Amino acid sequence: MSEIINAPVFKKVELILKNEFEGVLSEELKTKSSSILDGIQMPTTRTEAWKYTRLGKINNKKFTVRKGDVSDISSFIITKDVYTLVFVNGFLNSTLSSGTLPEGIICQSINEANSDSTFTKYIGQNLRLEEEVFNSLNTLNSADGVFIHIGSKVILDKPLQILHILSETNTISNLRNLIVCEKNSEAKIIQGYFSENATDSFTNVVTEVFVEENAHLTIDKIQYENDSCYHVATEQVQQEKNSTFTINTVTLNGAIVRNNLNIEVVGQNCLTNLNGTYLLKGNQHVDNHTIVDHKAPNCESHELYKGVVNDQSTAVFNGKVFVRKDAQKINAFQSNANVLLSDESTVNSKPELEIYADDVKCSHGSTTGQLDEEAVFYLRARGLSEKSARKLMIGAFVNDVLKKIENEEVKTFIFEILHQRFDWELSN
Amino acid sequence: MITIKNLHASIDGKEILKGLNLEVKPGEVHAIMGPNGAGKSTLASVLAGREEYEITEGTVDFDGKDLLDLKTEDRAREGLFLAFQYPIEIPGVSNINFLRAALNEIREYRGEEPISAKDFLILVREKSAIVELDPKLASRSVNEGFSGGEKKRNEIFQMAMLNPKLAILDETDSGLDIDALRIVANGVNKLKSKDNATIVITHYQRLLDYIIPDFVHVLYDGKIVKTGTKELALDLEERGYDWIKEEMSL
Ligand SMILES: Nc1ncnc2c1ncn2[C@@H]1O[C@H](COP(=O)(O)OP(=O)(O)O)[C@@H](O)[C@H]1O
Ligand SMILES: [Mg+2]
């Protein structure tokens, strides 16, 4: 009797139907990612890292890489009078971009950076491709993105603004960004992800970040694509000694949004701040996956994620902190809190600590619940309507994260969207 | 001002108020005393509109309105105020901002214009002085990190801001040292007028040295079993509640 062996059938990941544009990264990176994609499946909920996020909706579609056009970006401008680069469907649109580039920095399309030695040195250096569908897809197909290089000792007084707008149906954007902050530099970057007349489109963005010695970088990120669009974002960050990296992720819309933050802290005396908030309704699904990997001693990381989930929406939080064997004297704090506003909304929250050093201070916590009804009653007993009382409570809950954003214009922009979407009135 | 007739209320199927009667007229101060668990806070909660309680019998008339028919916020807008026995902390909600919103919703309910920012600030300054509440505390998150005494003072500050017709003070004196007690009592006295009324729920006679009641009631096992004047409070202080029990079983 001969045995029938069922070899695993690998269905090649073929998300892209049509692509007339060549990926612009090196042949080496492209060849590698191409061969990975040849032998890989889309992750399923059996894949640990995707346990709570079904990709069926993305997997069942085919997307097209196409340049698009957007007529008016005024409603997407988060902050005025700063150097602004606008990308549409993952391609730089110079006509829509504006402002004067501050001195000492490069902020340009990666297409113009291919011969830049800093660019070639860093691009793809830390990004894991093996078993990573979306990273590989991006690396193979990416046709554009931004390269930001903050020169040593350069201190930017105004932020740089990078806007990405998705348009048309079944479009895929493989935006690829590289940010390098040289020694003793300081910069703030605002990223906005929007859509205009886009349906069932997909942003698959990878941002690689290098924060060199004593450099300080803050990223404020607003995700506000429409409720039929998919968004997978990976930030691969490396921090050298005495550096600070802060990222504030505000997710306001999107059908499926997955944020991977991979922070490798390789130098001593670093500070890492990860703040995030997600305000969901309808059938939205938002999944924040963060990893802070403390490889060096005397560092601190703070993570605060808070979400409000309404209707049938789902939020996933998976935050991992590693403290490696020699990384003594680490203070790592992680907290995730969720408010469920409906019986049909779901939260899956999993904070994790993996500690191999002995002299560390770490804490993590996760709470999911309804609004404090005692507090609602207290406020109503003072004459506030139930609706106002609830709004006030939600506002207070979310503001805990939003107050971490220092840029007032960014905050005002977010408050405005929250007002439109939820009728909440938040203020500073 | 308020007429409570034969009020019965239960929670989780357990009857707590068992036919309570009480009438309070404008300008009066009533004290309600009684042993732990008698139902004093339950009465306050039921009047404020806490939804966990089931009213099985009885009526409450509040200035011609059926109080039990009103939502919690509408009771407040009609002029009812409850100073909570255990004021809760509400992190992130600014005391001042919420009071301003509350005041404006009350004004809107009464067909009045919203208060201007300037007038509001003047009001805050004036009213926080009444209970000697640090204006800095007044603008922090509701009760967050407040000491026990500060929480109670904040309750009376809010009362002063909202200027209610009927204030129910639920053990506002508990946990206060003698100085704080005097400040809180003074605040309540300053707010007294011929048009408003106060129900003071307390365990201790000492508060009644400062807030002089027109009537003292004993609430026992869900009912008012005895009513007297301020001397009754002294009696209770001296003799406890056992003699009432005995009197009742006669
Ligand atoms: N939420 C509740 N569930 C069940 N029983 C309660 C609840 N709240 C109060 N009680 C009971 O009701 C009775 C009266 O309580 P309370 O009104 O707080 O008394 P007082 O304020 O006079 O000390 C007590 O026996 C108490 O155990
Ligand atoms: Mg009580």
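Summary table below
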quantity: Qualifying residue in the range A:361-369 (condition: out of contact with any helix residue (DSSP H, G or I) (no Cβ under 7 Å at 6 or more places or on another chain), part of a helix (DSSP H, G or I) and within 14 Å of another protein chain (Cβ to nearest Cβ)); calculated: no
quantity: In the range B:83-98, residue surrounded by the most Cβ atoms within 10 Å (Cβ to Cβ) [restricted to those that are in contact with a Leu (Cβ under 7 Å, 6 or more places away or on another chain) and of a type outside the set (F, W, Y)]; calculated: B:A83
quantity: Any chance B:I11 is surrounded by fewer than 21 Cβ atoms within 10 Å (Cβ to Cβ), of a type in the set (A, V, I, L, M, F, W, C) and near ligand 1 (Cβ under 10 Å from one of its atoms); calculated: yes
quantity: Cβ pairs under 6 Å, 6+ apart, first in the range A:370-396 and within 19 Å of B:A160 (Cα to Cα) and facing chain B (nearest Cβ under 7 Å), second open to solvent by 20 Å² or more (accessible area, probe 1.4 Å) and outside any helix (DSSP H, G or I); calculated: A:Y378/B:I88
quantity: Qualifying residue in the range A:74-81 (condition: at positive phi, open to solvent by 80 Å² or more (accessible area, probe 1.4 Å), in a loop (DSSP other than H, G, I, E, B) and out of contact with any helix residue (DSSP H, G or I) (no Cβ under 6 Å at 6 or more places or on another chain)); calculated: yes
quantity: Test result for A:V286, in a strand (DSSP E or B) and touching a residue at least 60 places away in the same chain (Cβ under 8 Å); calculated: no
quantity: Condition check for B:H8: away from chain A (no Cβ under 14 Å), touching a Phe, Trp or Tyr at 6+ places or on another chain (Cβ under 7 Å) and more than 14 Å from ligand 2 (Cβ to nearest atom); calculated: no
quantity: Flag for A:R380 being basic (K, R), more than 14 Å from A:Y305 (Cα to Cα), modelled with pLDDT of 95 or more and open to solvent by 10 Å² or more (accessible area, probe 1.4 Å); calculated: yes
quantity: Qualifying residue in the range B:30-42 (condition: away from ligand 1 (no atom under 16 Å from the Cβ) and in contact with an Asp or Glu (Cβ under 6 Å, 6 or more places away or on another chain)); calculated: no
quantity: Residue list for the range A:195-221, restricted to those being buried (at least 23 other Cβ atoms within 10 Å of the Cβ) and over 17 Å from A:N138 (Cβ atoms); calculated: A:S195, A:A198, A:F210, A:V211, A:A215, A:L217, A:D220
quantity: Among (1) modelled with pLDDT of 95 or more; (2) within 16 Å of ligand 2 (Cβ to nearest atom); (3) within 14 Å of another protein chain (Cβ to nearest Cβ), the one test that B:Y86 misses; calculated: (1)
quantity: Positions within the range A:210-248 being of a type in the set (K, R) and in contact with a strand residue (DSSP E or B) (Cβ under 6 Å, 6 or more places away or on another chain), in sequence order; calculated: A:K221
quantity: The range A:54-73: number of residues that are open to solvent by 30 Å² or more (accessible area, probe 1.4 Å) and either in contact (Cβ under 8 Å) with a residue 24 or more places away in the chain or basic (K, R) (or both); calculated: 8
quantity: Failed item, numbered, when B:M159 is tested on (1) more than 16 Å from ligand 1 (Cβ to nearest atom); (2) under 25 Å from B:A138 (Cβ atoms); (3) open to solvent by 20 Å² or more (accessible area, probe 1.4 Å); calculated: (3)
quantity: Residue that is farthest from the other protein chains (Cβ to nearest Cβ), among those in the range B:89-117 that are over 27 Å from A:K404 (Cβ atoms) and within 20 Å of the chain's Cα centre (by Cα); calculated: B:L103
quantity: Top-ranked residue in the range B:63-83 [being on the phi > 0 side of the Ramachandran plot and in contact (Cβ under 8 Å) with a residue 24 or more places away in the chain; ranked as nearest to the other protein chains (Cβ to nearest Cβ)]; calculated: B:G79
quantity: Residue in the range B:55-77 that is farther than 24 Å from B:E237 by Cβ, more than 16 Å from ligand 1 (Cβ to nearest atom), among the basic types (K, R) and assigned to a strand (DSSP E or B) present; calculated: yes
quantity: Strands (runs of 3 or more DSSP E) lying entirely in the range B:163-233 (those with 1 or more residues that are away from ligand 2 (no atom under 16 Å from the Cβ) and either within 15 Å of the chain's Cα centre (by Cα) or buried (at least 22 other Cβ atoms within 10 Å of the Cβ) (or both)); calculated: B:166-170, B:197-201, B:215-220
quantity: Test: residue in the range B:28-50 that is within 12 Å of another protein chain (Cβ to nearest Cβ), under 20 Å from A:K391 (Cβ atoms) and surrounded by fewer than 20 Cβ atoms within 10 Å (Cβ to Cβ); calculated: no
quantity: Residue list for the range B:11-49, restricted to those being within 13 Å of ligand 2 (Cβ to nearest atom) and assigned to a loop (DSSP other than H, G, I, E, B); calculated: B:G34, B:P35, B:N36, B:G37, B:A38, B:G39
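So that you can scan it fast, the table gives a plain yes or no per residue for (1) of a type outside the set (A, V, I, L, M); (2) farther than 25 Å from A:T218 by Cβ:
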{"site": "A:L85", "(1), (2)": "no, no"}
{"site": "A:I105", "(1), (2)": "no, no"}
{"site": "A:S109", "(1), (2)": "yes, no"}
{"site": "A:D116", "(1), (2)": "yes, no"}
{"site": "A:L127", "(1), (2)": "no, no"}
{"site": "A:E168", "(1), (2)": "yes, yes"}
{"site": "A:I189", "(1), (2)": "no, no"}
{"site": "A:F194", "(1), (2)": "yes, no"}
{"site": "A:N197", "(1), (2)": "yes, yes"}
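One line per residue, one yes/no per condition, for (1) in the same structural domain as A:S35 (by TED's automatic domain parsing); (2) farther than 17 Å from A:N260 by Cβ; (3) open to solvent by 10 Å² or more (accessible area, probe 1.4 Å):
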site: A:V133; (1), (2), (3): yes, no, no
site: A:G145; (1), (2), (3): yes, no, no
site: A:L160; (1), (2), (3): yes, yes, no
site: A:T169; (1), (2), (3): yes, yes, yes
site: A:I172; (1), (2), (3): yes, yes, no
site: A:R176; (1), (2), (3): yes, no, no
site: A:E182; (1), (2), (3): yes, yes, yes
site: A:K188; (1), (2), (3): yes, yes, yes
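The values are calculated or read from the model by the stated rules, or taken from the named source; none is laboratory data. What you are looking at is a predicted structure, and each value in this text was computed from that prediction instead of being measured. Please note: Cβ atoms are built from the backbone with ideal geometry, for glycine as well, and neighbour counts cover all protein chains shown. Surface areas here come from the heavy atoms of the whole protein model, side chains and all, with no ligands, DNA or RNA. Shrake-Rupley method; radii C 1.70, N 1.55, O 1.52, S 1.80 Å.
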